[in-house]
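K.L.:
Below are the structure tokens for one structure; questions will follow.
The values are calculated or read from the model by the stated rules, or taken from the named source; none is laboratory data. Computed from a predicted structure; not experimentally measured. Note that we place each Cβ from the backbone using ideal geometry, even for glycine, and neighbour counts take in every protein chain shown. Calculation scope for accessible area: heavy atoms of the full protein, side chains included, ligands and nucleic acids excluded. Shrake-Rupley method; radii C 1.70, N 1.55, O 1.52, S 1.80 Å.
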Amino acid sequence: MSGSTFKSQAPRRMGPVAAKVSGLLESKYLGWIALAAALLAPLLTASPYSLNVMTTAAIFVMLAAGLNIVVGYCGLLDLGYIAFMAVGAYTSGIVSRAFDLPLFFTIPAVLVMTILAGLIIGAPTLRLRSDYLAIVTLGFGEITRITANNLAVTGGPSGIYGIPKLLTFGDFSVHSPAVFYYVTILIVAFFVLASARLGKSRLGRAWRFVREDEDAAEAMGIHTYKVKLMAYIFGAVWGGFAGVLFASHLTAISPKTFIFLQSALVLMAVVLGGMGNMRGVVVGALVISLLPELLRDLSEYRYLAFGLLLVVAMVFRPKGLWPARPHEDERTGAEPQTAVDAAVSRGESR
Amino acid sequence: MTQIIWDGLFVGSFYALIALGYSMVYGIIKLLNFAHGDIYMLGAFIGFVMLTSMGGLPGALGIGALLVVLLVSMALTGGAGVLIERFAYRPLRKAPRLAVLITAVGVSFTLQYGVSAIMGSNPRSYPVRLEGDVFDVLGARISLPQVLLMAIAAILMISLNTYIQKTSTGRAMRSISLDMKGSLLMGINVNSVITRTFFIGSALAGAAGVMSGAYYGKIDFMMGFLIGLKAFTAAVIGGIGNIQGAMLGGLVLGLLEAFGASVFGGEWRDVFSFVVLILFLTLRPTGILGERVTERV
Amino acid sequence: MSVVLGVNDLQIAFGGVKAVDGLTFDVHEKEIIAVIGPNGAGKTSAFNCITGFYKPTGGSVVMEGTDITGHRPADIAAVGVARTFQNLRLFNDLTVLDNVRAGMHLNRGQSWADAIFHTPRFKRSEAAYTAEAHYWLDFVNFEGPRGVPIANLSYGQQKQVEISRALARKSKLLLLDEPAAGLNYTEKQNLLELCRRIRDLGTSIVLIEHDMGLVMELSERIVVMNFGREIAEGTPAEVKANPAVIEAYLGKDEEVEIDDNA
Ligand SMILES: Nc1ncnc2c1ncn2[C@@H]1O[C@H](COP(=O)(O)OP(=O)(O)OP(=O)(O)O)[C@@H](O)[C@H]1O
Ligand SMILES: [Mg+2]
């Protein structure tokens, strides 16, 4: 408990540059600025290599946005998140090849399969202590990979290749790297916005209540099990859609792509970025996916460095490097008293 | 049939050795030490480095030298466990669960890729390979090395059990697992007991690492990943936090897996044991020997 | 007056300890009842059994005719039981307003799709949540800042927020576990007055309290527990005169503490 005096949220002293940067990062328009930057980036460099790197990074951002729902909002540690991407990628790959459809039309199947996957893994385990969930998801990630490796429909160890394009209208298809990049950016932007908005809704608040104190949440009538399952399913769907983009981007998938390392990298993006803070998570994802491209020489040590960073970050900043700083406007005085009374009496159950 | 049982028990004794560390640490500080499987990997590599620098085993010294290597590796992995606890887990003892779990993942990552950076990421061949006569007992092929390794595992587990039942440290461990605050008040040096727990658990995992390197002959930096998961499953089957449960759980999981593999095929072995884990967690989360407790609100 | 909550022969044991052993009492509409007893008497355990956090090993709990014995806490809350905790259980990283909004979770009014597409329904619903949160903070006379994380507030203010969160649940019954603990004299007077205003809303209150002055002044009936058992029940005057109660509190000695000094 804090002392008896109210500690005001005095902004930390910082230099003018730091203040500008921090002002920019907290700005309302940051999302739009980031989107504009992503859309303009190909004007600077549009080589196949850089488009490939940027598309991959965007897909990684989407994964991080999905995992942020589970880990950041709801406080559930998922160590096998990449499995949902695998479910999405394999489902769309198999269905589109079997029926010779563009990937876009596999979306209903992907939705069904990822929600099923979320339920299968979440339903039995979300009743348990949160640390059990962590290790069960770890196992689930491995099992998904091993299953894909063993089955014939998934193409065994060599996987599936020749996956159709995302969408084809007559002669025009989304296959030039630049067009695909733009499509990816728009889809990812939508999902990032959607998860940020979910975070600021009744459901998003319930996730945070569960994260902060499950007992207190239950006492308020929040069915914590259902709420956690919802977080899990949303996370699964985000991962599944990232999988569709991934399959479309690479046109080939194999079990080797979906190893624990990938789950751990997404987790790092979420944790280092700042659990629950969607902006931080996007930055974290960009850093994790782009940094290795810049530091190719150090590739042997980069995972070692990530591991150490994770430990150091948790020891010194257990809420992430850029945690969410909850803040709301004080009362505006704009609420007319009648509206308040109406609001209060509408829910009246007495 | 007897072959399946024997194989199951053999693999199960490895699971049991590693599950012990999982269970002891969980019992005392309620931490799932994800890095525990990687301590096993570390043990295998420490043994590898020592044996390589000795130029393999001089024939005459054979088993004796291997035992020395085993003991030194145990001491070193035990020390590694203590350091990990001191610098990664202890600062977070009062932190939110999520932060601690993430730290454990970070430690696991650090161990894996630290070893990979030093030793390379390709599998290495162990400089010794235990070979010996094969007997036929009731239709099962049992080799001398298998008997030897199981004997070592059994000795380690029996000594641990005696230690926990008979010594004051053992009593302190049991008392902390029941009530950490109370134990502090009773004047138990909680930190020192936790340090010992980590030492013992990690040493046992390190021993298992050396033994499996010497028996299977191949090691790599990811070898602790899946077995860590299996050891956790074993600990859950036995009742996590329960020492005898961990041993029992290891053997039970070994047997279940051996039967599962013979029914569904070897490539489904890991999937099968995972399904066993889920079933246990759903139907009997306290495991075979665990007790149900009501958490305070 | 109709019975709101019926507790009948409630029992819970932890290993050998019978924390609650045969507790029976009724709560009527608009009634304020106190549960008192020495430390470790089983008062909090009784609350936890009523609200579903512990599964009773025996007995029954009936809320407005519905048997809720052993139900899930969230379902019990939905039936109309709100509570506070002995050691503040707030959502520390969240703002004061969000903490109060937790109590309104069952108000509904928006779906996740509304949230993603920011529909007018969503905006209306959010505005209502905010307005109502302010309403309940005003109701408890909360004067601190409302847009900052609750961990920044003083203990007394946090206790106020915990009560407004429970009030926002708008339930028929409110269980308060030691609401006056740690409060100063003025704050206790405000609490007393607040409890009466809550009762006037139509909510019955059961409170666990060690402050005898407050208990004697506020409650209409008192249930006294010791070692899990119910040793007395009655009006403040009856309880004060009950030898078993005096003995439980003081050992076999003269009356010292049980007098109203509030
Ligand atoms: N989850 C639990 N597991 C084991 N024992 C428990 C549990 N919860 C409570 N107890 C025990 O039950 C008994 C009653 O505790 P309880 O907290 O209900 O007392 P109380 O009357 O609220 O006391 P206080 O006035 O100190 O708050 C105590 O002996 C306590 O140790
Ligand atoms: Mg109490």
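K.L.:
Got a sec? What order do B:MET119, A:MET230 fall in by accessible area at 1.4 Å, biggest, i.e. largest, first? Walk me through the intermediate numbers first.
P.N.:
On the way: B:MET119 40, A:MET230 60 Å².
So, going from the largest accessible area down, we get A:MET230, B:MET119.
K.L.:
Here is a further query. Which ³J(HN,Hα) values in Hz, rounded to whole numbers, follow from the phi angles of the range A:241-249 under the Karplus curve 6.51 cos²θ - 1.76 cosθ + 1.60, where θ = phi - 60° and Gly and Pro get x?
P.N.:
5, 4, x, 4, 4, 5, 4, 5, 5
K.L.:
Write down the percent of antiparallel bridges among all DSSP beta bridges whose residues are both part of the protein assembly as shown, to the nearest 5. Intermediate values should be presented prior to the final figure.
P.N.:
On the way: 32 of 48 bridges.
Expressed as a percentage, antiparallel bridges in the protein assembly as shown total about 65.
K.L.:
Next question, about the same structure. Between C:GLU193 and A:PHE316, take the C-beta separation as r, use R0 = 51 Å, and let me know the FRET efficiency to the nearest 0.05.
P.N.:
So the FRET efficiency works out to roughly 0.65.
K.L.:
If I model the range C:90-169 as equal point scatterers sitting on the Cα atoms and use the Debye formula, what is log10 I(q)/I(0) at q = 0.17, 0.19, 0.24, 0.26 Å⁻¹?
P.N.:
Values, matching the q order: -0.63, -0.76, -1.05, -1.16.
K.L.:
What does the buried accessible surface come to for A and B, summed over both chains, with the probe at 1.4 Å? Round to 100 Å². Can you show the working numbers first?
P.N.:
Details: alone 20030 and 14570 Å², together 30850 Å².
Roughly 3800 Å².
K.L.:
Next up: Under 8 Å for C-alpha pairs, at least 6 residues apart: give me the relative contact order for the range C:87-160, rounded to a whole percent. Mind showing how you got there, number by number?
P.N.:
Numbers: 57 pairs, mean separation 37.2, N = 74.
Once divided by the residue count of the range C:87-160, the mean separation gives 50 percent.
K.L.:
Would you mind calculating the relative contact order of the range A:51-256 from Cα pairs under 8 angstrom and at least 6 residues apart, reporting the percent as a whole number?
P.N.:
Details: 316 pairs, mean separation 88.7, N = 206.
Relative contact order comes out at 43 percent.
K.L.:
Along Cα→Cβ, 7 Å out, is where each label goes; now give me the distance between the ones at C:ALA181 and A:VAL112 in nm to one decimal.
P.N.:
5.4 nm
K.L.:
Sort A:132-145, B:214-227 for me by packing, meaning the mean count of neighbouring Cβ atoms within 10 Å per residue, highest on top.
P.N.:
Output ranking for A:132-145, B:214-227: A:132-145, B:214-227.
K.L.:
Mind jotting down a quarter of the surface of the convex hull over the alpha carbons of the range C:114-160, in square nanometres, one decimal?
P.N.:
For the range C:114-160, the mean projected area of the Cα convex hull comes to 3.9 nm².
K.L.:
Please sort through the DSSP H helices of chain B and keep those with an alpha-carbon extent of at least 18 Å along the long axis and a Kyte-Doolittle average not below -1.0. All intermediate terms of the calculation are to be shown ahead of the outcome.
P.N.:
Details: long enough: B:2-29 (39 Å, 1.35); B:36-53 (26 Å, 1.18); B:62-84 (33 Å, 2.28); B:97-119 (33 Å, 1.49); B:144-166 (32 Å, 1.37); B:190-216 (39 Å, 0.96); B:223-238 (23 Å, 1.74); B:243-264 (31 Å, 1.59); B:269-283 (21 Å, 2.08).
Length and hydropathy pass: B:2-29, B:36-53, B:62-84, B:97-119, B:144-166, B:190-216, B:223-238, B:243-264, B:269-283.
K.L.:
At 0.36 nm per residue, and after removing the present C-alpha to C-alpha distance, how many nm does the segment from C:HIS118 to C:LEU250 gain when stretched out fully?
P.N.:
Details: separation 132, 0.36 × 132 = 47.52 nm, distance 6.17 nm.
Result for the pair: 41.4 nm of gain on full extension.
K.L.:
Which of C:ILE12, C:ILE33, C:ILE246 moves most in a GNM of chain C, Cα contacts under 10 Å?
P.N.:
Between C:ILE12, C:ILE33, C:ILE246, it is C:ILE246 that shows the largest mean-square fluctuation.
K.L.:
Same structure, new question: Under 5 Å between amide hydrogens, which residues at least 5 positions from C:ARG83 or on another chain qualify, with H placed 1.01 Å from N in the peptide plane?
P.N.:
Here the answer is C:LEU175, since their amide H atoms fall under 5 Å of that of C:ARG83.
K.L.:
Something else now. Lysines near B:LYS166 by alpha-carbon distance under 26 Å, same-chain residues fewer than 8 away left out - which ones?
P.N.:
B:LYS30, B:LYS181
K.L.:
Using protein heavy atoms only (no ligands, DNA or RNA), what is the total accessible area buried between C and A, 1.4 Å probe, nearest 100 Å²? Please report the intermediate quantities before stating the final value.
P.N.:
On the way: alone 12330 and 20030 Å², together 27210 Å².
Looking at C and A, the buried total is near 5200 Å².
K.L.:
Let me ask something else. For the range B:186-263 and the range C:106-131, what is the separation of their Cα centres, given in Å?
P.N.:
Rounded to whole Å, the Cα centres lie 50 Å apart.
K.L.:
I've got another one for you. Radius of gyration and Dmax for the range B:2-222's Cα atoms, expressed in Å?
P.N.:
According to the Cα coordinates of the range B:2-222, Rg and Dmax are 18.5, 57 Å.
K.L.:
Report, to the nearest whole %, how much of the accessible area of the protein assembly as shown belongs to carbon and sulfur atoms, 1.4 Å probe, protein only. Please list the in-between numbers first.
P.N.:
Details: 23370 of 37690 Å².
Carbon and sulfur atoms account for 62 percent of the accessible area of the protein assembly as shown.
K.L.:
While we're here: Local charge sum around B:GLY250 (other residues, Cβ-Cβ under 13 Å, Lys/Arg +1, Asp/Glu -1)?
P.N.:
Numbers: positive: B:LYS230; negative: B:GLU257.
Around B:GLY250, the surrounding residues sum to 0.
K.L.:
Sticking with this one: Tell me the Rg and the Dmax, in Å, that the Cα atoms of chain C produce.
P.N.:
19.3, 69
K.L.:
Determine the relative contact order of the range B:2-222: mean sequence separation of Cα pairs under 8 Å and six or more apart, normalised by residue count, in whole percent.
P.N.:
It comes to 44 percent, rounded to a whole number.
K.L.:
For the full complex of protein chains and a 1.4 angstrom probe, list B:PHE259, B:PHE198 by accessible area with the highest value first.
P.N.:
Values: B:PHE259 70, B:PHE198 5 Å².
Correct descending sequence by accessible area is B:PHE259, B:PHE198.
K.L.:
OK, next. Compute the Cα gyration tensor for the protein assembly as shown, then decide on rounded, prolate or oblate, letting a ≥ b ≥ c be the square roots of its eigenvalues: rounded whenever a/c is under 1.5, prolate when a/b is larger than b/c in the other cases, and oblate in all that remain.
P.N.:
Numbers: a/c = 2.07, a/b = 1.29, b/c = 1.60.
In terms of gyration-tensor shape, oblate.
K.L.:
Okay, next question. Taking only the Cα atoms of the range C:151-221, how large is their convex hull per residue, in Å³?
P.N.:
Convex hull of Cα atoms, per residue: 87 Å³.
K.L.:
Which residues in the range B:114-151 have a backbone N closer than 13 Å to a point placed 7 Å from the Cα of B:ILE5 along the Cα-to-Cβ line?
P.N.:
Correct set: B:137-141.
K.L.:
Using a cut-off of under 16 Å, list every residue of the range A:264-287 whose amide N is near the label point 7 Å from the Cα of A:THR45 along the Cα-to-beta-carbon line.
P.N.:
A:286-287
K.L.:
Counting heavy atoms of the protein chains only and a 1.4 Å probe, report the per residue accessible area for the protein assembly as shown as a whole number of Å².
P.N.:
Details: 37690 Å² over 909 residues.
Roughly 41 Å² per residue, with all protein chains present.
K.L.:
Shifting gears a bit: Based on alpha-carbon centroids, what's the gap between the range C:1-57 and the range C:134-181 in Å, whole number please?
P.N.:
The two parts, judged by their Cα centres, are 24 Å apart.
K.L.:
Same structure again: Would you mind telling me which residue in C:PHE91, C:PHE117, C:PHE139 has the biggest mean-square fluctuation in a Gaussian network model of chain C, where springs connect alpha carbons within a distance under 10 angstrom?
P.N.:
Between C:PHE91, C:PHE117, C:PHE139, it is C:PHE117 that shows the largest mean-square fluctuation.
K.L.:
Here's another thing I want to ask about it. Computed FRET efficiency, Cβ-Cβ of B:SER53 and B:ILE158, R0 35 Å: what is it to the nearest 0.05?
P.N.:
Numbers: r = 32 Å, r/R0 = 0.91.
Working from the Cβ atoms, E equals 0.65.
K.L.:
With loop defined by DSSP as not H, G, I, E or B, and exposure as at most 12 other Cβ atoms within 10 Å, which is the longest segment of chain B clear of exposed GluC sites (Glu not before Pro)?
P.N.:
Values: sites that count: B:GLU131, B:GLU291, B:GLU295.
Counting at most 12 other Cβ atoms within 10 Å as exposed, the longest clean stretch of chain B is B:132-290.
K.L.:
How large are Rg and Dmax for the range C:1-149 when only the alpha carbon atoms are used, in Å?
P.N.:
According to the Cα coordinates of the range C:1-149, Rg and Dmax are 18.7, 57 Å.
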